[in-house]
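A short worksheet on the structure shown next.
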Amino acid sequence: MTAIVEVEGLTKRFGRVTAVDNATFSLEEGGIHGLLGRNGAGKTTLMQLLTGQEFVTSGEARIFGENPVENAAALRRVCFIKESQVYPDGYKGKHVLRAAPWFFDAWDSAFADRLVKAFDVPLDRPMKKMSRGQRSAIGVIVGLASRAELTFLDEPYAGLDAVARRRFYDLLLEDYAENPRTVVLSTHLIDEAANLLQRVVVIDHGSIVIDADAEELRGSATTLVGKASDVEAFATGRTVVDRNALGGIASVTLAGLSSEDRRAAAQAGLEATAVSLQELIVSRTGGTDATDEEEAA
Amino acid sequence: MDDERPIFLQIAESLEAQILDGSLAEEGQVPSINELAQFHRINPATALKGVNRLVEAGVLYKRRGIGMFVAEGARARLLSDRRAEFAELHVRPLAERARALELGSAEVHDMIDKEMNR
Amino acid sequence: MTAIDTRAAVTGAPARIANVMRMHVANPMPTLIMPWIITAIVFGVNLSIWLMVANAAGGAEYLEPRAFQYNGGVSWIVIFMMVVAVQAMSLTFRFALGFSVTRREYYLGTAAYFVGLALLYSTGLTGLAALERATDGWGLDAAFFAPFGLVDESLGLVWLLYLMTMLLFFFLGSAIATVWVRWRAYGLYSFFIGLALLLVAAGWGITAADAWGDVGEFLTTTPLAQLAAWTLPVTALCAVVGFLFLRRATPRA
């Protein structure tokens, strides 16, 4: 499968701030991929570099194998929806939806109408007067109905409540199934989206810290809880990702436990829970001070 | 869907469970990849991986242009596979636990008889 | 699928540039309605002043000939085009960029739109000038839409002058807009300071060469059509500079 998004040694500096630091990864065509990380980690900048809206300081960003800057042929196959999208003064929701087909060749008006009903957006209201959730809804509608080959959704559901978000995931999956394309979703609400993602790229302070298939990450770390002495005994010689203690109880997060290991842990009286994708990412992106990997003595 | 194991495995297991309890009949059609993905709210590629696992194991087969179907004899095969692992997966932990609680073999046999005859 | 998309034939560059123009029209208020409102207001103010003066004089026939022909109200409308351009560009650039439009397509589309607007307004204002003449200066021997010496000139020349000056102000406005879009407030400060310095330097230069007389002679003796033509290189320069500035502009919030 060809890579639809490729990033090589990409660096972007704004004055003294390094927003993206020597990033390298690629994303396969035709999947729903996640670009995850904390607020301000560099997700939006990365997407702006990939859509030619920002200029690289060094390194390369490629979509469809080409440089996106001023590249009409490549850009017309892309739709980039971001929360900070500005709209011309006086534009109402209906103006945005009227203008969208001019920019996206594969625009589906019927689908857009369905989405408007699904999200209950007031089309006659000026964009400036819409609530955050309503603006996001318009963005989501444009992002989904554009049917663009490469769709970037940057925190598309800021301000959307849990019900609307659920609707978004369902609509995304449904439409993605019928009209396969490549979707890159950036979010800090990881657990909600975790099951939808194929590849997960995690960025922290501008650097790529995780670049793996979601399936690989799933179950890649396990937390064991039990009597402190039992826990320590079990953790000896294993890769410890995190450890905590409270009174006589200790918890330790270990990487790479096989099902046999888990059975052994159960026998040792330890309670095992898998680390969710969100917890994994939180621990790797500057959670608390317990982010050091260490070999237990 | 739990966080512990790969989702595609859980999909495969869910389908196997449905075949075993009879809700998916032999030669009957299995939900499509897209239906599975949407129902479980997972990535279609993952659903596909789970289904393919069963196709490779001979539990499901594909009819071009129509969909996925349960293979003949799949239920019997799954039953015998499960039976083979029964001792290791369920009896051994039972025995270990019984030993830990200092229960004797005869007591455990009685308990098993009572449960089986419920 | 990573090969170059050959659907260029379906929505080629001309179509996408036309789409940029449509984007400007989607909300017609700032570019298609405001200017007419401004025109109506400025004209209305002038007209009411004339009527008051005529009334005070006891009737239009008691006024000095050509009394109401020396007013520069219409220049406000022309200069307003600069504001229209600044508004149009700064409001829509970031939107367009966010909707997969390249800077080049955006600039060409917007420039084409401005040319269209210039034609529209020149024609409209010339039409009003014709109406003015047909009604003997609104019954007051006044001239608002073709004031000063233009009263005696042909409508064709009036149209040409309107067109040339509007183009100049549109592209001056768009150049200012690109400075704003790219460098925001600091850019504008630098731009105007630079412009001021340039004008002062020019003034110094002309004074040093004792050339004010020549400048005055040039302005008064050159036929208006030629003067108008002299604005074209300036307009073209603004257009080019505007594009060069925009090429590296980004949608920074």
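Rank the residues A:D230, B:D110 as a footprinting-exposure proxy: fewest other Cβ atoms within 10 Å of their Cβ go first. The partial results should precede the final answer.
Working: A:D230 17, B:D110 11.
Arranged by neighbour count, lowest to highest, A:D230, B:D110 become B:D110, A:D230.
Of the complete DSSP H runs in chain C, those spanning 24 angstrom or more by Cα along the long axis with a mean Kyte-Doolittle score not below -1.0 are C:34-57, C:73-98, C:103-134, C:155-208, C:224-246.
Take the convex hull of the alpha carbons in the stretch A:127-223; its mean projected area over all directions comes to 7.7 nm². Here, the stretch A:219-295 has an Rg and a Dmax of 11.6, 33 Å when only alpha carbons are counted.
Can you give the percent of C-alpha pairs in chain A whose distance is more than 31 Å? Walk me through the intermediate numbers first.
Numbers: 16517 of 43956 pairs.
Of all Cα-Cα pairs in chain A, 38 percent lie more than 31 Å apart.
Can you list the residues of the stretch B:11-55 with backbone N under 13 Å from a point 7 Å past the Cα of B:I66, pointing along Cα to Cβ? Only B:27-30 pass the distance filter. Per the Kirkwood formula applied to alpha carbons, the stretch C:34-98 shows a radius of gyration over Rh ratio, Rg over Rh, of 1.27.
Across peptide C:87-96, the mean count of Cβ atoms from other chains lying within 10 Å of each residue's own Cβ comes to 4. The calculated P(r) of chain C, using every Cα pair and 10 Å bins from 0, goes 7, 24, 28, 23, 13, 4, 1, 0, 0 in percent. Within the same chain, aspartates and glutamates fewer than 8 places from A:K43 are excluded, and of the rest, those with a Cα less than 15 Å from its Cα are A:E6, A:D21, A:E54, A:E83, A:D154, A:E155, A:D204, A:D211.
Grab the other residues whose beta carbon is less than 13 angstrom from that of A:Q267, score K and R as +1, D and E as -1, and report the net. Mind dumping the intermediate values first?
Numbers: positive: A:R262, A:R263, B:R92, B:R97, B:R99; negative: A:D230, A:E260, A:D261, A:E271, B:E96.
Spelling it out: positives minus negatives among the neighbours equals 0.
The stretch A:119-156 and the stretch A:163-187 have their alpha-carbon centroids 13 Å apart.
For chain C, what is the mean residue ellipticity at 222 nm derived from helices alone (per DSSP H run of n ≥ 4: -39500 (n - 2.57); sum divided by total residues; nearest 500 deg cm²/dmol)? Don't jump to the answer; show the numbers that get you there.
Working: 7 runs with 183 residues, N = 253.
It comes out at -26000 deg cm²/dmol, rounded to the nearest 500.
A Förster radius of 30 Å combined with the Cβ-Cβ distance from B:F39 to A:E28 puts the calculated FRET efficiency at roughly 0.75.
For chain A, what is the mean residue ellipticity at 222 nm derived from helices alone (per DSSP H run of n ≥ 4: -39500 (n - 2.57); sum divided by total residues; nearest 500 deg cm²/dmol)? Please report the intermediate quantities before stating the final value.
Working: 11 runs with 98 residues, N = 297.
That comes out to -9500 deg cm²/dmol.
Peptide A:78-89 has a mean of 5 when you count, residue by residue, the C-beta atoms of other protein chains within 10 Å of its C-beta. Peptide A:65-71 has a mean of 3 when you count, residue by residue, the C-beta atoms of other protein chains within 10 Å of its C-beta. For A:K92, the lysines whose Cα falls under 22 Å of its own Cα, not counting residues fewer than eight places away in the same chain, are A:K82, A:K117, A:K128, A:K129. Legend: ranking of residues C:S100, C:S48, A:S84 from fewest to most surrounding C-beta atoms inside 10 Å; resulting order C:S48, A:S84, C:S100. Normalised by 2.2 N^0.38 Å, with N the number of residues, the alpha-carbon radius of gyration of the stretch A:36-118 equals 1.28. Normalised by the number of residues in chain C, the average gap of Cα pairs under 8 Å and 6 or more apart makes the relative contact order 25 percent.
Please list, short to long, the whole-number percent of alpha-carbon pairs of the protein assembly as shown in consecutive 10 angstrom bins beginning at zero. Here the calculated profile for the protein assembly as shown is 3, 12, 17, 18, 15, 11, 8, 6, 4, 3, 2, 1, 0, 0.
Compute the Rg/Rh shape ratio of the stretch B:1-95: radius of gyration over Kirkwood radius, all on alpha-carbon atoms.
1.00
Model label sites at A:S84 and C:A134, defined 7 Å from Cα along the beta-carbon direction, differ in position by 5.4 nm.
With n ≥ 4 as the cut-off for DSSP H runs, can you work out [θ] at 222 nm for chain B, using -39500 (n - 2.57) per run divided by the number of residues, rounded to the nearest 500?
Details: 6 runs with 69 residues, N = 118.
The per-residue figure over chain B is -18000 deg cm²/dmol.
With a cut-off of 20 Å on the backbone N, the residues of the stretch A:160-186 near the modelled label site 7 Å out from A:R125 along Cα-Cβ are A:160-168.
Values quoted throughout were computed directly from the atomic coordinates according to the rules given, and no laboratory measurement underlies them. Everything numeric here is computed off the predicted structure, so don't read it as measured data. Heads up, the Cβs are rebuilt from the backbone with ideal geometry, glycines too, and the neighbour counts pull from every protein chain shown.
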